[in-house]
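To keep things clear, I will list the structure first and then write my remarks on it.
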Amino acid sequence: MHAWWGGLSALNRGFFCAAVFFGVLSVWQLLATLMGLDSDDVTDGDVTVDDVAGGDAAETMGAFKLLSIRSVIAFFTLFSWGGALYLADGRSVRAAIGLGALWGAAGMVVVALLLYVLPKLAHTGTLDIATAVGAAGSVYIDIPEGGEGEIRTEVGGVMSHVKARASDGQAIKAGTAVVVERVVFGNRVEVRAVEGTRG
């Protein structure tokens, strides 16, 4: 192993180091998604009730940003592995970089397509917001006093972001555990902070 590593050029070593780094990042990201551990700022498994009903520009841009992050990771994973393996196989630097870039671009397109198609397959029809009544959740965007924020809760078996206001009119900070009490305005809900968790 030491002899093999010592026989590689500095560029090829760089490719292999990048390949391992992005490979581990990709595997971690996949496992986090499968286990539902992706944080609230990485939620392409989530949908919003407004998304199903049409959504708005801000939410669309958020989804695009997420799509770009995952696609870029896929690009660099395949690009670095392709470059490393082609260089190790004796290809020229130009050929290794070019072929690696082709593999990276292909991976980027595949991930982009998957992230576009899979939610559409998983979320057909309109989510029934009434199924969220009684469900537990957490505040995603601060609910101001007398105003409206956003919570993350289960709607029809799907973890979703839903516009919400406090049933007592008081402010509730992000991260506070809540329970959905009733549906208001068609696709909004009123929530109650779980005792002892209000921020």
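The values are calculated or read from the model by the stated rules, or taken from the named source; none is laboratory data. Source: prediction; values computed, not measured. Neighbour counts run over all protein chains shown; Cβ positions are idealised from the backbone, glycine included.
When the residues of the range 1-44 are filtered to those that are in contact with a Leu (Cβ under 9 Å, 6 or more places away or on another chain) and more than 24 Å from Ser68 (Cα to Cα), the one that is modelled with the lowest pLDDT is Leu8. Scanning the range 72-99 for residues that are surrounded by fewer than 16 Cβ atoms within 10 Å (Cβ to Cβ) and among the hydrophobic types (A, V, I, L, M, F, W, C) turns up Val72, Val93, Ala95. Consider the range 91-150 and keep the residues that are over 30 Å from Gly169 (Cβ atoms), among the small types (Gly, Ala, Ser) and modelled with pLDDT under 90. The one that is nearest to the chain's Cα centre (by Cα) is Ala112. The combined condition, being modelled with pLDDT under 90 and outside the structural domain of Ser68 (by TED's automatic domain parsing), is fulfilled by Arg198. The residue that is surrounded by the most Cβ atoms within 10 Å (Cβ to Cβ), counting only those in the range 133-170 that are touching a Gly at 6+ places or on another chain (Cβ under 8 Å) and small (Gly, Ala, Ser), is Ala164.
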